[in-house]
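Comments concern the structure below.
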Number of protein chains: 4
Amino acid sequence: MSEQLRVGMVGYAFMGAAHSTAWRTVNRAFDLPLSARMTAVSGRSPEGVAAAAAKLGWDEHTTDWRSLIERDDIDLIDICTPGDTHAEIALAALAAGKHVLCEKPLANSVAEARDMAAAAAQAATSGVLAMCGFNYRRVPAVALMRQLVQEGRIGTIRHVRAQYLQDWIVDPSFPLVWRLRKELAGSGALGDIGAHIIDLTQFVTGQSISTVSALTETFVKQRPLTAESAGLSASAANDGSGLGDVTVDDAALFLARLDGGAVATYEATRFATGRKNALRVELNGSLGSLAFDFERQNELEFYDAALPSAEQGFSRILVTEADHPYIGAWWPPGHGIGYEHTFTHEVRDLIEAIATGQQPTPSFADALQVQLVLDAVSRSAETAQWTAVEPALERV
Amino acid sequence: MSEQLRVGMVGYAFMGAAHSTAWRTVNRAFDLPLSARMTAVSGRSPEGVAAAAAKLGWDEHTTDWRSLIERDDIDLIDICTPGDTHAEIALAALAAGKHVLCEKPLANSVAEARDMAAAAAQAATSGVLAMCGFNYRRVPAVALMRQLVQEGRIGTIRHVRAQYLQDWIVDPSFPLVWRLRKELAGSGALGDIGAHIIDLTQFVTGQSISTVSALTETFVKQRPLTAESAGLSASAANDGSGLGDVTVDDAALFLARLDGGAVATYEATRFATGRKNALRVELNGSLGSLAFDFERQNELEFYDAALPSAEQGFSRILVTEADHPYIGAWWPPGHGIGYEHTFTHEVRDLIEAIATGQQPTPSFADALQVQLVLDAVSRSAETAQWTAVEPALERV
Amino acid sequence: MSEQLRVGMVGYAFMGAAHSTAWRTVNRAFDLPLSARMTAVSGRSPEGVAAAAAKLGWDEHTTDWRSLIERDDIDLIDICTPGDTHAEIALAALAAGKHVLCEKPLANSVAEARDMAAAAAQAATSGVLAMCGFNYRRVPAVALMRQLVQEGRIGTIRHVRAQYLQDWIVDPSFPLVWRLRKELAGSGALGDIGAHIIDLTQFVTGQSISTVSALTETFVKQRPLTAESAGLSASAANDGSGLGDVTVDDAALFLARLDGGAVATYEATRFATGRKNALRVELNGSLGSLAFDFERQNELEFYDAALPSAEQGFSRILVTEADHPYIGAWWPPGHGIGYEHTFTHEVRDLIEAIATGQQPTPSFADALQVQLVLDAVSRSAETAQWTAVEPALERV
Amino acid sequence: MSEQLRVGMVGYAFMGAAHSTAWRTVNRAFDLPLSARMTAVSGRSPEGVAAAAAKLGWDEHTTDWRSLIERDDIDLIDICTPGDTHAEIALAALAAGKHVLCEKPLANSVAEARDMAAAAAQAATSGVLAMCGFNYRRVPAVALMRQLVQEGRIGTIRHVRAQYLQDWIVDPSFPLVWRLRKELAGSGALGDIGAHIIDLTQFVTGQSISTVSALTETFVKQRPLTAESAGLSASAANDGSGLGDVTVDDAALFLARLDGGAVATYEATRFATGRKNALRVELNGSLGSLAFDFERQNELEFYDAALPSAEQGFSRILVTEADHPYIGAWWPPGHGIGYEHTFTHEVRDLIEAIATGQQPTPSFADALQVQLVLDAVSRSAETAQWTAVEPALERV
């Protein structure tokens, strides 16, 4: 019987549910040196966290996240709260010698992210490990994409074309939820989904974004207050009209140059009517191309210019074979997997890293670098200038 | 806290793993009146079943399936073994007053299936319920397909075009596994995957197949014996060459007429190179069409001939909205689900039926009717004659 | 300046327009040893044929097709009339020493087709050549499909899956045009579009259909008479109700075995709502698969099982490269071609054959063999028996 | 018999061949008030132009384009030469009272384009008409896209996503042809294919680009000289190495704001390996979305957010129905058209405009506006600044 990795999770909403699935499933699917135990979950609402613990399968629950960190029988803190709280929780957990899994984006500001990366680097010297949860790296098709790039199958990358398209706030009567308030979410489409395509393209290409020219737009400037947002936005935005100000971007678009010579377009938006979760990346290289769309997450398109000319074409690889990344744990060919599997793969890799004492990726330093790109994009949009990405700490 | 439904599962291979996921997940995803408990699993190999119980999450394990039936603390027997054992186990379980979930095909012969359907009808009078596991009915896109048909959106159905295409035995060096031996599997592609498209098309159209003309083919007539198959086939097929006879069909094709006036083509094969799990159904009606392919399980194609002429087209519905069948339990739009979710939906519906005392579907009578179609197909292939499907018991 | 090939065309409707485009275009696109001259067109209506000659670009016109055959300054008769007139015109033309291009199906009966094939074989001994117009053989993607099969790229063919799906008579108020009357059209979907997939699959596989089991169906049994059809059907079908009997099949479905060991499904229908001209062929072989759909005529899908396992997938070959069949004459890569190009390719190959004294394909003997398959399908549908295809003349 | 429109064409390469097809075909497909006559073609090479005249079907040929303009029996000058010669020819033709069709881009500089637009405006006062050849406006699917936008079917447009992706110079050994030399081509991917997506998006949205932020890149900086380019580039670039400098962009990317409030990404490249002629436009509006890719030119994707939620999806409209733009002239549904048809549609509209004395579109003023966008993009790429598009003449 394997040793346990005892988890305390902070937050239990969308990300909390996804992470719970991962912790519950990972040892059922993979043979691992450590067995995850869902020790306790914390949340602000006593009723909410009790119900979530029961539904999601946590042994205990609390309204005090600090109590999780103080417990001796918890090895890892899993942070699933909005971005404004990440830094405080992560710093406390690392200081207490707990491993940390922190949802993306790492923080709402570069300053916080720098502190977190520094703390993680320090903690690593004592074998305490931290990882940021860019789950889309663990889509098997994305992992295969990276592998084909690393094997040189598409040669020198010339073009990156990245989009993350959603449409859930196209309707102007959609309310002013926390994700539309800067003080809580940090930014809008940019940090929420733009962060994913920044991380993903850097991951699959092995190149870093060096400079950007951006624009951001808020198409719908005021939205109905909810019970929640009415309170939250009282001083800043609540003028009694029942509407509050949207203080984040609805869409963020930018051009970029990568340090390996590629040029790129990026687009993150919540206003692409009909596109539900279209995280798309296309790479064009000197020897081939690769394309991915999360709406067809079990497929990867590969154009191999080394094949005979008359036979070249974009091939639709169904990434469900046992020799594809992560797939050996699942079902026979053609029996696709779903969204939550990306989290299961994430914690699988994290458990392997912890068990072997290796740094999991993306590290907090990697996530800081994404934060620096987000910051450069924001500044570029404000100043209408090409803006260089600031240097990060040395990445692990 | 809800009352428990205590499950004993027989068999722990592919289907056993899928069902285990379902039992483990169903109360995490859905709010249900009964809480599934994974009480015990049985299997022939002591080591195998012990390892499976640990990996899949069953409280106890045994090599004696009869002991599961004898226990008072088990409410439902879940049968995940090969088809030759279904009848014996199901009959014993029903006789003992256990609810039964039985994998498809219901049995290896019509005679067995008739016995099982009769026993299930009898048991139902005492509130003991039986269901057959045609899991693909619970793909959200398939459920939506049925719903649109029932709402009359495609009018009178003229054409059914059904294929279940796999390719896992194209290589002639693939060994003689149990699925390729008639005494264990009953038939080959026909019963294994043909049964699914028979059930599925009858489910979505609301029509029954009345008469068929079929051919079956075994492309590779001998295959390498495995340790397992060498023993199994000793008398019948093992001539010392290291090869044994394939005694089932590699492919089964048939034409059919349905009792609502539609004409149909069916094709089930394990030799469709490159098609991994292409369960495809297309319906053409007087007012529209619907098309589905499990390799893109989160999508349904719908052609609505009632739209203005210049705007008609097959629309790709991403079946991931909260108002689509089963999806409310899962993730936001565009965050697709995977193969195992079909089993979770299946046991969700089964739990609802048991809790409310209603007959779950497909019933054993429904599954008998599929068996009768399989039988008609087999006889048609043997006699090279159009063959009528025999009448079933009255379906529940 | 090249020598001329002087053409007389009979019929000027849909096929006449398509053939006119081909004759007008072929020497503009290809460098050929003979230059097509559009000498004269004939048709029954004096006004109609005059207008067509002007619109389509023929030098002269006549209402007497025999006069075309009698002229010394015409080298080739191009037959674009309904099937009931093919035999008489073709036999007269061949007897007069004219080359013949005859639209498909070759005839409305096997007897006629046998006479035509015999006459063509006789004429060939004097260098007079005949070809049947199965234009879809000349889609570049189809020609590439055949080439890949011939090169052994998909190995031994196991499965043929052929469909020709249209929907132009789904509406029951669509009138009783000549294509819906047996005495003119011979059959319905079967001869009109089923003939194409019979020819095409035999062409690309190099195998012949040997035996079939079929069903045909007429979903809408009576339709409004038109001015034209009211007259035509006076005795047989016009009961004064304004409706006349549909005397051909709306859909024809059949299973088949091919002489190379493949098994096949065929389906031809005019009731596949939303499918406009979906001529589809899929081949599954021991080493790969190929798939084509005319609604995406510039694409061919190819699955190559010889590639590394993790990279296998159906590749979408855009068949617009200069090294693809016929494409060198047209536009740069990615600039697709259209329906009429298939006819231009057809007459290009015919001109080459005539100039070099070689038999063009498909010959009348090839077309007779298709007729024999159609006949077997019809007889099978009538008798509800598996039916062998009768032997043809020796094929050229 | 209709009156003639006598055409003199300058240039006979790629565009000359496409235009010849259009002039030869237009009166065969459409009923028009004027009949096109292919009177004469001019080109620099005596042998080349003679051969082209014979192959493409022009009555006469000359090496002196001025002679075409001087002839009384020519009504329209069709300019198919590289961009550096457009202004001189067009100005001379307009001055001589000839109608003009000029290939895109209108000119190689804004100054030339301004002169041409002014001359066209002046000529129009005498009934002499000028049109620029942005042929992709006449793809039926694009025309339908515009129509749906104009009917308000997608509401307020938020996003424009435009790409024109080719890959014909990915290989660094591809030679230094004229399109890679600034003095002849003006620019690279930007003017050649970027111009098309600028025009197309403005056409379909009804909005104009107001400001841009751009980058351009030349991935392969030197290429082998050809016999032609060796001479052309003698002084500037030929250093005896057999290589010459590429003096245009391989790729141009830009962000834009449109005057109707939409934000946009544009990308034109010749380095998108595997993308052959992927002219793609997607529009996301408040009520729906539209998407087009020229590699599937007979299709338009339409997402209608006004449909019931559970039925919404991107529908693939096969734009081949008689009630779709331009299609009535061609084939039955599902029988797609090809690249050259866009030119036939273009001259069809031009002939209609000339016959009725109406300004054809795009006018030279429209084309000047595209030139001003190209100029803003170039300046933005040079200065790395957001750059406003200069005001054009008043557009017709």
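The values are calculated or read from the model by the stated rules, or taken from the named source; none is laboratory data. For clarity, every value in this text was computed on a predicted model and none was experimentally measured. Cβ: placed from backbone, ideal geometry, glycine included. Neighbour counts: every protein chain shown.
Brief remarks follow.
- On the stretch given as the range A:142-159, residues that are away from chain D (no Cβ under 14 Å) and not in a loop (DSSP other than H, G, I, E, B) total 7.
- Matching residues, the range C:31-43, being in contact with a Gly (Cβ under 9 Å, 6 or more places away or on another chain) and surrounded by fewer than 21 Cβ atoms within 10 Å (Cβ to Cβ): C:38
- Subset of the range C:174-209 that is modelled with pLDDT of 95 or more and hydroxyl-bearing (Ser, Thr, Tyr) - its residue that is farthest from residue C:83 (Cα to Cα): C:205
- Whichever residue in the range C:292-317 is of a type in the set (A, V, I, L, M, F, W, C) and not in a strand (DSSP E or B) and, among such residues, is surrounded by the most Cβ atoms within 10 Å (Cβ to Cβ): C:294
- Any hit, the range C:319-329, residues being among the small types (Gly, Ala, Ser), over 24 Å from residue D:319 (Cβ atoms) and under 23 Å from the mean Cα position of the chain (by Cα): yes
- When residue D:54 is tested against (1) buried (at least 17 other Cβ atoms within 10 Å of the Cβ); (2) out of contact with any helix residue (DSSP H, G or I) (no Cβ under 9 Å at 6 or more places or on another chain), exactly one condition is not met: (1).
- Count of the range B:274-291 residues which are within 12 Å of chain A (Cβ to nearest Cβ) and either crowded, with 24+ Cβ neighbours inside 10 Å or out of contact with any helix residue (DSSP H, G or I) (no Cβ under 8 Å at 6 or more places or on another chain) (or both): 3
- Residue satisfying condition, being closer than 18 Å to residue B:117 by Cα, within 18 Å of the chain's Cα centre (by Cα) and outside the structural domain of residue B:20 (by TED's automatic domain parsing), within set B:349, B:375: B:375
- Top-ranked residue in the range C:90-118 [being aliphatic (A, V, I, L, M) and surrounded by fewer than 24 Cβ atoms within 10 Å (Cβ to Cβ); ranked as farthest from residue C:248 (Cα to Cα)]: C:96
- Answer from C:54, C:50 - the residue that is more than 19 Å from residue D:23 (Cα to Cα) and within 13 Å of another protein chain (Cβ to nearest Cβ): C:50
- Flag if residue A:169 is outside any helix (DSSP H, G or I), within 14 Å of chain D (Cβ to nearest Cβ) and of a type in the set (Val, Ile, Thr): yes
- Subset of the range B:305-321 (residues that are within 9 Å of chain D (Cβ to nearest Cβ) and more than 18 Å from residue D:303 (Cβ to Cβ)): B:309
- One residue from D:359, D:369, D:385 being crowded, with 21+ Cβ neighbours inside 10 Å and over 30 Å from residue C:136 (Cα atoms): D:369
- Matching residues in the range B:257-273 - criterion: being in contact with a helix residue (DSSP H, G or I) (Cβ under 6 Å, 6 or more places away or on another chain) and assigned to a loop (DSSP other than H, G, I, E, B): B:270
- Checked against (1) away from chain D (no Cβ under 14 Å); (2) under 22 Å from residue A:328 (Cβ atoms), residue A:116 meets all criteria but (2).
- Residue tally, condition farther than 13 Å from residue B:26 by Cβ, within 14 Å of another protein chain (Cβ to nearest Cβ) and in a helix (DSSP H, G or I), over the range B:328-372: 1
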